[in-house]
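Engineer: This is the structure I want to talk about, given as structure tokens.
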Amino acid sequence: MKRSTKVIIGVVIAAVLVCALALTYKFFGPSAKAGSKTYTLEVVDDNGKTTTYEGSTDAAYLKEVMDELAENEDFSYEGTDSDYGIMINTINGVTADYNENNAYWAIYVNGEYGQYGADTQPVSDGDEFQFVYESAE
């Protein structure tokens with residue numbers, strides 16, 4: 001009888017210690033780390049309305065940032081793959097159709113016209129990206 005009582009007390013003490021360690025880890029253990037690079041991404045639609053997204057990421061390329069935003073924010077995009085990378089057709093429900101009205105989504109990086117597509121545009125800390133609905137004359 002004394003032996004079973006000691007075993008039960010030992011099990012209870014072990015359970016209390018495990019719970020205490022779990023709570024300590026939860027409150028004082030490592031927390032999720034935000035991405036190491038900050039960015040701002042603005043979308044200027046066909047009516048001139050600007051929507052701004054800010055965040056941090058570890059993404060290497062702009063398309064990866066767009067994918068992260070599409071998962072977590074009210075941001076959406078569609079595009080088609082080509083030999084030159086992804087061609088962005090629609091952002092946040094606004095479609096730019098070059099064949100219909102000479103419209104396209106221009107990419108600006110830190111205020112300058114982008115030299116790369118979204119899937120090859122590198123992301124550096126502090127970058128400011130813009131997708132601007134534009135029409136070719």
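Engineer: Identify, please: which residue in the range 36-65 is aliphatic (A, V, I, L, M) and closer than 15 Å to residue 96 by Cβ and is, among those, farthest from the chain's Cα centre (by Cα)?
Structural biologist: 44
Engineer: Let me ask something else. Looking only at the range 113-137, how many residues end up being at negative phi and in a loop (DSSP other than H, G, I, E, B)?
Structural biologist: Residues that pass the stated criteria total 13.
Engineer: Restricting the range 92-101 to residues that are at pLDDT 95 or above and assigned to a loop (DSSP other than H, G, I, E, B), which is farthest from the chain's Cα centre (by Cα)?
Structural biologist: Looking only at the range 92-101, we keep the residues that are at pLDDT 95 or above, and these are 92-96.
Keeping just the survivors that are assigned to a loop (DSSP other than H, G, I, E, B) gives 92-93, 96.
On the way: 92: 15, 93: 18, 96: 23 Å.
Across the range 92-101, the extreme among qualifying residues is 96.
Engineer: Can you pull out the residues in the range 45-79 that are small (Gly, Ala, Ser) and either in contact with a strand residue (DSSP E or B) (Cβ under 8 Å, 6 or more places away or on another chain) or under 15 Å from residue 117 (Cβ atoms) (or both)?
Structural biologist: Filtering the range 45-79 for residues small (Gly, Ala, Ser) gives 48, 55-56, 59-60, 70, 76, 79.
Listed by number, the residues that qualify are 55, 56, 59, 60, 70, 76, 79.
Engineer: Restricting to the range 57-91, count the residues that are surrounded by fewer than 14 Cβ atoms within 10 Å (Cβ to Cβ), assigned to a strand (DSSP E or B) and touching a Ser or Thr at 6+ places or on another chain (Cβ under 7 Å).
Structural biologist: So the answer is 1.
The values are calculated or read from the model by the stated rules, or taken from the named source; none is laboratory data. Keep in mind that this is a model prediction, so the values were computed, not measured. Every residue, glycine as well, gets a Cβ built from its backbone with ideal geometry; the counts of neighbours run over all protein chains shown.
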